[in-house]
Amino acid sequence: MNIVLIGAGRLATCMGKALKKGGHTIQQVYSRTESSAKKLAEALECDYTIQCEDITTRAELYVVAVKDDVLPELLPQVVQGREETLFVHTAGSVPLSVFEQSGAQRFGVFYPMQTFSLERELSFSQIPIFVEANLESDVEKLRTLGSSLSQKVYVLPSEGRRRLHLAAVFACNFVNHCYARAEQILAEENLPFDVMLSLVDETAAKVHELSPRKAQTGPAVRQDHSVMNKHLALLQEHEEMVREYKLLSEGIGDLAGQL
C-alpha cells in the first residue's frame, strides 16, 4: 500500500520501518515538528511536510500516530480534501467514533499492542495487532495490512480495545514503574539494576507457562507480615513507596485468597 504517516514519534517511527520492510511504500511523513519529520523521512527515504495543506492526496492509507488528546483537533485538518481515503488511528483507548466529526467517510483503527522506544527496533512478527473499521471492506484491508507485519491480527471493537489497553497499562506501564522503584532502592546501596535482570527474565518467562496468579511468589502472597513490616521500615523515608508497597501487597493478598 501507499501510506502517509501522520506523526513522527515512537510508534510512527517503529511502524513506519516495519511497514517499509513489509513491502509497503511510505510516501510522506507529516509532523508539526520539522526535526522529527525530517529525521523519520530520511530513515524511510520519503518526503515530509509540517503543513497539513501540503500532505499528499495520493495515498491509499493515512496512519495517524499522534498523542490521544491531539486526535479530535488534528483529524479534521488532515482529512480535509482526502475524505474518501482510508484513515486509521493507532491509539489503544480512543474509540472509532473519534472520526465521526472529522469528515472522513472511511476510517478505522490499527493498534499494535506493544511498548515502543526510539532506541530499540522491534520485529512486528509476534506483536498482536488489533483492527476495526466502519466499513467491512476496510476491515479486510486492515486485516491484510496487519498480516503483512504480524502473525497475530485480531478484529476487536472499540470497547474491547479499551479494556485491552487497560490490561496493557497494568502489564507494562505499572510493571515498569516497579522496575524504576527497584532501581531507586538499589541505587541507595550503589548496586546496578542489572542484578535484577535474571529475576525479571524468569518472572516474565513463567507467565508463558503459568497463570500470573499461580506464578505469584513473595511475602505478600504468603501473608508473611514479619517480612513485610521489615520492608516497610526500610522505606520509612519514602512515603510514596510505603503507600505503593502497602497497596500492591494488599492486592496480591486479595488475589491469592481467591485461588
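Once the Cβ-Cβ distance of Ser93 and Ser125 is raised to the sixth power relative to R0 = 30 Å, the FRET efficiency obtained is 0.75. Between the stretch 1-38 and the stretch 207-255, the C-alpha centres lie 42 angstrom from each other. For Gln223 and His177, a Förster radius of 30 Å and the Cβ-Cβ distance give a FRET efficiency of 0.80, rounded to the nearest 0.05. Among the GluC sites (Glu not before Pro) within the stretch 22-125, those in coil by DSSP and having at most 15 neighbouring Cβ atoms inside 10 Å are Glu45, Glu60, Glu83, Glu84, Glu100, Glu119, Glu121. In the stretch 162-257, the convex hull through the Cα atoms has an average projected area of 6.9 nm², a quarter of its surface area. Restricting attention to the chain, the count of lysine pairs at 8 or more positions apart or across chains with alpha carbons under 20 Å apart stands at 18. Express in nm, to one decimal, how much length is gained between Glu250 and Gln184 on full extension, taking 0.36 nm for each residue of separation and deducting their alpha carbon distance. Between Glu250 and Gln184, full extension yields 21.6 nm more. Backbone phi angles across the stretch 123-137, fed through the Karplus curve with coefficients 6.51, -1.76 and 1.60 (θ = phi - 60°), yield HN-Hα couplings of 7, 7, 4, 10, 7, x, 10, 10, 10, 7, 7, 7, 10, 4, 4 Hz in residue order; Gly and Pro are listed as x.
Exposed loop sites are taken as trypsin sites (Lys or Arg not before Pro) in a DSSP loop (any state but H, G, I, E or B) with at most 11 other beta carbon atoms within 10 Å; the longest stretch of the chain without one runs 121-259.
Do the sum for the chain: with -39,500 (n - 2.57) for every DSSP H run of n ≥ 4, divided by all residues, what is the mean residue ellipticity at 222 nm, to the nearest 500 deg cm²/dmol? Per the formula, -13000 deg cm²/dmol. Between Val207 and Val242, full extension at 0.36 nm per residue minus the direct alpha carbon distance yields a gain of 9.9 nm.
Against the compact-protein benchmark of 2.2 N^0.38 Å, the Cα-based radius of gyration of the chain scales to 1.21. Kirkwood radius, the stretch 1-129, all distinct C-alpha pairs, inverse of mean reciprocal distance: 14.5 Å.
We did not get these values from a lab; they are worked out from the coordinates using the rules stated. All values reported here derive from a predicted model rather than from experimental measurement. Cβ coordinates were reconstructed from backbone atoms using ideal geometry, including for glycine residues, and neighbour counts include every protein chain displayed.
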